[in-house]
Amino acid sequence: MSGTLRTKVCVVGGGLTGVSTALHLAERGIDCVLLESERIGHGASGRNGGQIVQGYSADMSKVENTVGAEDARVLWSMMREAVDDIPERVKRHKIDCDLRWGYLHAAYSKRQMDGLRGTVETYTKYGYDGCEIVGKADLGKVLGSDAYVGGMLDPDSGQIHPLAYLRGLAGAAEFLGAQIFERSPAVEITRGTTVSVRTVTGTVEADWLVLAGNAYLGKVFPSIRPRLMPVASFVAVTEPLDRDLLRALFPQDVAVADCNLALDYFRTTSDGRLLFGAGASYSAITPPGLANWMTRRMTKVFPELEGVGIDHVWGGLIGITANRLPDFGRVADNILHAQGFSGQGMALTGLAGKVMAETIDGNDSRFKLIEQIRHLPFPGGPFRTPALVAAMGFAKLRDAMGF
Ligand SMILES: Cc1cc2nc3c(=O)[nH]c(=O)nc-3n(C[C@H](O)[C@H](O)[C@H](O)COP(=O)(O)OP(=O)(O)OC[C@H]3O[C@@H](n4cnc5c(N)ncnc54)[C@H](O)[C@@H]3O)c2cc1C
């Protein structure tokens, strides 16, 4: 962008949060300019594993302890709405993004199976009884791997091509009047009743600012950074696999994730490959020889893939919060932010965009519900990453030992 643009809302960040905000604003007839540093989907939204997982990254019991039982029920139904919105949008905007349903949470240990049984109970308490526990004897009907002791099948979670979905949403937003500028990093923000957002080549002046840069926001707005820890996760995509082998590995074509803290997540692609994700490395450091590291993790689950080529491999940053619940807030009356989906942003980012658009349109009741969740800052300076690595150390050790 160049020159000075005047608009109602300036959105910084062209991932699912920013684009969803722009789309919901445009649907409401509200003027909006979206600035993206690189290309739409440059951040986590274009790099992620495409797993649509219902629920928050923290247990509902933590949600209850944080906001009380009544608001926890509202937050549950907002989460369900966020999942339902995905097929609705795919249909409405005719987005070709390989949306499929069915999901297996796979357990390595009795402790993890007990956790999954607890999840079934919790979901039932909240009115969703679709999940089913699968024991070791029946697991082969769902997944061709001996690595797990059982799992939980969830028909209301699934998978999607995330970048295709995001681009479809961005196209719909532009069609409805949102202005999207790529390669336009916001480099300076000046607060006021009119917020001024400077890029290298121009300025956007707006009544409202939405910060949707998540783990990629960097230093442009430092005050919301301490509540977020960027952690790395990685994805590898194999060469096309034999169709019979793929059917044997994924008889029900569900997406899968294990229950470890540094979890593996995987699914098939529409062109017959395995997309295998692994993370999170809480040190945010890329393992040396990433493709080999990914192959080792993948062949622990599927030994028959030894020798299969990796055609693509990449990494990205997930924004996590200390309590694993999303961080929505306002730095000023007219500056909103939403970040920290803690690895479950595929659906929750849509909710973020929806409630920020509602807020700007005059109804902030749902934004307030999430805004009330308090977030502790991560330690700063040189202790930031080591403290998190230490905190995660025990949990990772426990997962590795299988108890
Ligand atoms: C490897 C990986 C795998 C994942 N797998 C899954 C999964 O399977 N399921 C799931 O639910 N979640 C997954 N996640 C998490 C999910 O991708 C995120 O929660 C979600 O994409 C966050 O979207 P966002 O729009 O908030 O942030 P992002 O998608 O990160 O977008 C932020 C954007 O802001 C831009 N930006 C930053 N600063 C500026 C600036 N100053 N000016 C302009 N633009 C700026 C960035 O370039 C970026 O494009 C994964 C994440 C990663 C990294």
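Return the only residue of 247, 225, 191 being on the phi < 0 side of the Ramachandran plot, of a type in the set (Lys, Arg) and buried (at least 18 other Cβ atoms within 10 Å of the Cβ).
225
Let's see how each residue does on (1) within 17 Å of the chain's Cα centre (by Cα); (2) of a type in the set (Asp, Glu); (3) more than 19 Å from residue 44 (Cα to Cα):
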{"site": "217", "(1), (2), (3)": "yes, no, no"}
{"site": "227", "(1), (2), (3)": "yes, no, no"}
{"site": "243", "(1), (2), (3)": "no, no, yes"}
{"site": "250", "(1), (2), (3)": "no, no, yes"}
{"site": "258", "(1), (2), (3)": "yes, yes, yes"}
{"site": "270", "(1), (2), (3)": "no, no, yes"}
{"site": "286", "(1), (2), (3)": "no, no, no"}
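Here are some residues: 341, 328. Which one is crowded, with 24+ Cβ neighbours inside 10 Å, within 22 Å of the chain's Cα centre (by Cα), assigned to a loop (DSSP other than H, G, I, E, B) and at pLDDT 95 or above?
Of the residues listed, the single one that is crowded, with 24+ Cβ neighbours inside 10 Å, within 22 Å of the chain's Cα centre (by Cα), assigned to a loop (DSSP other than H, G, I, E, B) and at pLDDT 95 or above is 341.
Within region 13-56, which residues are part of a loop (DSSP other than H, G, I, E, B) and small (Gly, Ala, Ser)?
13, 14, 15, 29, 37, 41, 43, 49, 50, 55
Limited to region 144-166, what total is found for residues that are over 20 Å from residue 55 (Cβ atoms), assigned to a loop (DSSP other than H, G, I, E, B) and not β-branched (Val, Ile, Thr)?
Qualifying residue count, region 144-166: 5.
Would it be correct to say that residue 37 is surrounded by fewer than 23 Cβ atoms within 10 Å (Cβ to Cβ), more than 19 Å from the chain's Cα centre (by Cα) and within 16 Å of the ligand (Cβ to nearest atom)?
yes
Look through 226, 222, 251 and report the one residue that is away from the ligand (no atom under 11 Å from the Cβ) and at pLDDT 95 or above.
Only one candidate qualifies: 251.
Does any residue of region 78-88 turn out to be assigned by TED's automatic domain parsing to the domain that holds residue 343, of a type in the set (Gly, Ala, Ser) and more than 17 Å from the chain's Cα centre (by Cα)?
Checked region 78-88: no residue is assigned by TED's automatic domain parsing to the domain that holds residue 343, of a type in the set (Gly, Ala, Ser) and more than 17 Å from the chain's Cα centre (by Cα).
The values are calculated or read from the model by the stated rules, or taken from the named source; none is laboratory data. The structure presented is a predicted model; accordingly, all values stated were derived computationally and were not measured. Ideal geometry is used to build each Cβ from the backbone, glycine not excepted, and the neighbour counts take in all protein chains shown.
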